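Every number here is computed from the coordinates shown, using simple stated rules; none is lab data. Here the structure is a predicted model, which means the values were calculated and not measured. All Cβ positions, glycine included, derive from the backbone under ideal geometry; neighbour counts span all protein chains shown.
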Amino acid sequence: MNADNVSAELIELERRRCQALIRRDAAALDALWPHDLMHIHSTGTIMGKDQLMRYVLETLQFLELERSDLKVQVYGDAALMTGRQHARMRRVDKPEPVNAESWVTQFWVRRPGGWVQSHFHSVRAAEG
């Protein structure tokens, strides 16, 4: 499989990840996130898979989640994805939604069952 095909596959998986977060689809997220996932929020909070699953299924509700300017660099069975992310979300204990604009770096790894997102790091986008 060439780099362009891998890039297209990973962009599609990222689209599915966004939809799974909006739908709170535990099975889809479980398939995309490996046991050794490291997720670093734009606030600096670091979560592993189990903690992140609880957070997105019980505490945080995504209303919108969109990616843009995605770039993928493929290195054999690993790939680096970078791009912008727009999220509109709310905590279940707070009714007022918030918007978050960020830049995201993701590290994807091809394992026997397919591609998984092993690392996610978000930083708030500069205003303006």
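Site pair Arg88 and Arg24 shows an inter-label distance of 1.9 nm when each label is modelled 7 Å from Cα along Cα→Cβ.
Counting only Cβ charges, +1 for Lys and Arg and -1 for Asp and Glu, the dipole size of the chain around its Cα centre is about 180 debye. For segment 75-128, the Kirkwood radius over C-alpha pairs fed into Stokes-Einstein at 20 °C and 1.002 mPa s yields D = 163 µm² per second.
The residues Arg17, Arg67, when put in order of fewest to most other Cβ atoms within 10 Å, stand as Arg67, Arg17.
Taking the alpha carbon gyration tensor of segment 3-124, multiplying each eigenvalue by 5 and rooting it gives semi-axes of 23, 16, 13 Å, largest first. At an R0 of 35 angstrom, the distance between the Cβ atoms of Tyr75 and Glu96 translates into a FRET efficiency of 0.25.
With Cα atoms defining each centre, segment 1-31 and segment 76-106 are spaced 14 Å apart in the structure. Computed over the alpha-carbon pairs of segment 1-67, the distance histogram in 10 Å steps reads 19, 49, 27, 5 percent, short to long. For Ser42, the amide hydrogen comes within under 5 Å of the amide hydrogens of Ser122, counting only partners 5 or more places away or on other chains and with H modelled in the peptide plane. Paramagnetic label reach from Arg124 (point 7 Å along Cα→Cβ; backbone nitrogen cut-off under 14 Å): within segment 89-117, residues 98-103. Between the amide H of Leu37 and those of Lys49, distances stay under 5 Å, these residues lying 5 or more places away or on another chain, with hydrogens modeled in the peptide plane.
Residue by residue, segment 121-127 carries 3J(HN,Hα) couplings of 9, 10, 9, 4, 6, 5, 6 Hz when phi is fed to the Karplus relation 6.51 cos²θ - 1.76 cosθ + 1.60 (θ = phi - 60°); x denotes Gly or Pro.
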